[in-house]
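Some notes on the structure that comes next.
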């Protein structure tokens, strides 16, 4: 069955857990550092220029944004972590919201974790990967901005991540929103999860 990602529409933004939509159907969440390219990846996937807001200022996504593909399927854009120029209190709130989301959603089928392929596996990335493995939640690592690496650098980045993360719950691939490299593989992974 082909999932029509281009039909995706914004559903709602939740600043607290009580605002999450009904926990039914299937969901895939996108997570990553504030500059990893989450919004760009979602926009390329859905063939829409500004469905997810992109920004030169890291940390623009300050709530959990839910997008509906069809009656049964959703994409979820989680707040970026790491960079945002916001207060410690605000960052703690995001962390708490993220935790509530990840631990409570029955409909969550997998997590796409985006990492800049030039700087993969920062501490927070590792924590999320470890959490996914411990929770037996499938995690797909998207090594973004791969167009900025040459073949040798790509090979080195791939080996680094593969050696650091060895689990049946984790898959990985390169991705470039700019060149649309890896889009087919991402679509296939999401389709597998959302069936």
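The values are calculated or read from the model by the stated rules, or taken from the named source; none is laboratory data. Note that the structure is predicted; figures quoted are calculated from it, not measured. For neighbour counting, all protein chains shown are included, and Cβ atoms are generated from backbone atoms with ideal geometry for every residue, glycine included.
Before we move on, is residue 152 touching a strand residue (DSSP E or B) at 6+ places or on another chain (Cβ under 6 Å) and at pLDDT 95 or above?
Details: touching a strand residue (DSSP E or B) at 6+ places or on another chain (Cβ under 6 Å): no; at pLDDT 95 or above: yes.
No.
Among (1) closer than 27 Å to residue 47 by Cα; (2) in contact (Cβ under 8 Å) with a residue 24 or more places away in the chain, where does residue 184 come up short?
Evaluating residue 184 over (1) closer than 27 Å to residue 47 by Cα; (2) in contact (Cβ under 8 Å) with a residue 24 or more places away in the chain leaves (2) as the failure.
Please enumerate the residues belonging to segment 71-107 that are at pLDDT below 80, closer than 22 Å to residue 10 by Cβ and touching a strand residue (DSSP E or B) at 6+ places or on another chain (Cβ under 9 Å).
The answer is 81, 94.
Taking residue 187 as meeting all but one of (1) in a helix (DSSP H, G or I); (2) in contact with a helix residue (DSSP H, G or I) (Cβ under 7 Å, 6 or more places away or on another chain); (3) crowded, with 19+ Cβ neighbours inside 10 Å, write down the number of the exception.
Against the list (1) in a helix (DSSP H, G or I); (2) in contact with a helix residue (DSSP H, G or I) (Cβ under 7 Å, 6 or more places away or on another chain); (3) crowded, with 19+ Cβ neighbours inside 10 Å, residue 187 comes up short only on (3).
So, of the residues in segment 108-127 that are assigned to a helix (DSSP H, G or I) and in contact with a strand residue (DSSP E or B) (Cβ under 6 Å, 6 or more places away or on another chain), which turns out to be modelled with the lowest pLDDT?
So in segment 108-127, the residues assigned to a helix (DSSP H, G or I) come out as 123-127.
Checking the rest, the ones that are also in contact with a strand residue (DSSP E or B) (Cβ under 6 Å, 6 or more places away or on another chain) come to 124-125.
Numbers: 124: 88, 125: 92.
Top of the filtered list is 124.
Could we say that residue 76 is assigned to a strand (DSSP E or B) and surrounded by 13 or more Cβ atoms within 10 Å (Cβ to Cβ) here?
So residue 76 fits the description; yes.
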